[in-house]
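Input: a single structure, listed below in structure tokens.
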Amino acid sequence: MTRISPVRLEHATDATRPLLEGVQKKIGFLPNVFRVLAHAPAVLTSYVQNSAALGKTSLSATQKEAIFLATSQVNGCDYCLAAHTLFAGKAGLSSQDILSARDGKLDAYALLAQQITESRGHLSSEQIAAARAAGLDDGKIIEVIAHVASQTLTNYLNNVALTDIDFPAIDA
């Protein structure tokens, strides 16, 4: 049972209602994670703005989804794993690719995200060298870090709130 109830759209504040309506329009429904974030208007605003900015990084949709899946797997967020399994499939990842991304084995992006999350950012020089050898320049490494940080926010929120999963079920 959820520990932080999602805000119903009709009960949203004037500050959060337009943001929630924008998410609903973009995704096609209003995911519970955004409704939970709506309890803290400044945090919802920041998250939506950050997501929009990160949408403009040089990373492809499949690279981003690999990062989200690897991060969510390490952080044990069933909500985000369900959400990003759906989004990764829409971005073109196969079921096997999704499982590989969750384990940090799909590509250098998933591996780096896994390493960053597991080590809380304390990477070894060898791990950085391996990412560079796999083609990630400093800009891409920083973009991976930013996506891991953003994903960790929702992972932790959903883990604390026990957000009801409103995406198709997956095998944990």
G104 versus (1) over 18 Å from Q73 (Cβ atoms); (2) open to solvent by less than 60 Å² (accessible area, probe 1.4 Å): which is the lone unmet condition?
-> (1)
Does the stretch 118-136 contain any residue that is touching a Gly at 6+ places or on another chain (Cβ under 9 Å) and under 27 Å from F34 (Cα atoms)?
-> yes
Residue that is farthest from the chain's Cα centre (by Cα), among those in the stretch 41-72 that are open to solvent by 50 Å² or more (accessible area, probe 1.4 Å) and farther than 19 Å from P31 by Cβ | A42
Enumeration of residues in the stretch 97-125 that are among the hydroxyl-bearing types (S, T, Y) and over 16 Å from the mean Cα position of the chain (by Cα) | S100, S119, S124, S125
In the stretch 126-149, residue farthest from the chain's Cα centre (by Cα) [restricted to those that are buried (at least 19 other Cβ atoms within 10 Å of the Cβ) and in contact (Cβ under 8 Å) with a residue 40 or more places away in the chain] = K140
Failed condition for D171, given (1) modelled with pLDDT under 95; (2) closer than 25 Å to L37 by Cα | (2)
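The values are calculated or read from the model by the stated rules, or taken from the named source; none is laboratory data. Bear in mind that the values here come from a model prediction, so they are computed numbers and not experimental data. Heads up, the Cβs are rebuilt from the backbone with ideal geometry, glycines too, and the neighbour counts pull from every protein chain shown. Keep in mind that these areas ignore ligands, DNA and RNA; they rest on the heavy atoms of the full protein, side chains included. Shrake-Rupley method; radii C 1.70, N 1.55, O 1.52, S 1.80 Å.
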